[in-house]
């Protein structure tokens, strides 16, 4: 079950991503994903398949990280792989 806070954040990110990618790309790679949880400095996104996880990790990583970073005011640093989710580790932005 998805954490409501994580799902709200992810829904906001999806709204931003919908404006940045083509409709076919959104429908294929992002539409059926969900914000699962924020856990120990990582934002976990649930994806329907290993193939989609790999595709997002390699081809949409910078866009996803930017969208999440804009919302959370943190820099999304890296992607780690697990069996059913894509996790993005965070690093707090330092004040200028």
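The values are calculated or read from the model by the stated rules, or taken from the named source; none is laboratory data. What you see is a predicted model, and the numbers here were worked out from it, not measured in a lab. All Cβ positions, even for glycine, are placed from backbone atoms using ideal geometry, and neighbour counts span all protein chains on display.
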Subset of the stretch 15-46, residues in contact with a strand residue (DSSP E or B) (Cβ under 9 Å, 6 or more places away or on another chain) and not in a loop (DSSP other than H, G, I, E, B), comes to 34, 35, 36, 37, 38, 39, 42, 43, 44, 45, 46
Restricted to the stretch 1-14 and to residues being more than 12 Å from the chain's Cα centre (by Cα) and either under 7 Å from residue 35 (Cβ atoms) or not in a helix (DSSP H, G or I) (or both), the residue modelled with the lowest pLDDT is 1
Could you please tell me which pairs satisfy a Cβ distance under 9 Å, a separation of 6+ or placement on different chains, a first residue in the stretch 45-59 that is under 17 Å from residue 10 (Cβ atoms), and a second residue that is at pLDDT below 85 and surrounded by fewer than 18 Cβ atoms within 10 Å (Cβ to Cβ)?
46/2; 46/84; 47/84; 53/81; 53/82; 53/84; 57/81
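Of the residues in the stretch 58-70, how many are assigned to a helix (DSSP H, G or I) and either within 23 Å of residue 5 (Cβ to Cβ) or modelled with pLDDT under 85 (or both)? Working first, answer last.
Going through the stretch 58-70, the residues assigned to a helix (DSSP H, G or I) turn out to be 58-59, 61-70.
When the remaining residues are screened for being either within 23 Å of residue 5 (Cβ to Cβ) or modelled with pLDDT under 85 (or both), the result is 61, 63-70.
Count: 9.
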Which of the numbered conditions does residue 76 fail, given that it passes all the others? Conditions: (1) surrounded by fewer than 18 Cβ atoms within 10 Å (Cβ to Cβ); (2) at pLDDT below 85.
(1)
How many residues are surrounded by 16 or more Cβ atoms within 10 Å (Cβ to Cβ) and more than 19 Å from residue 62 (Cβ to Cβ) when one looks only at the stretch 1-50?
8
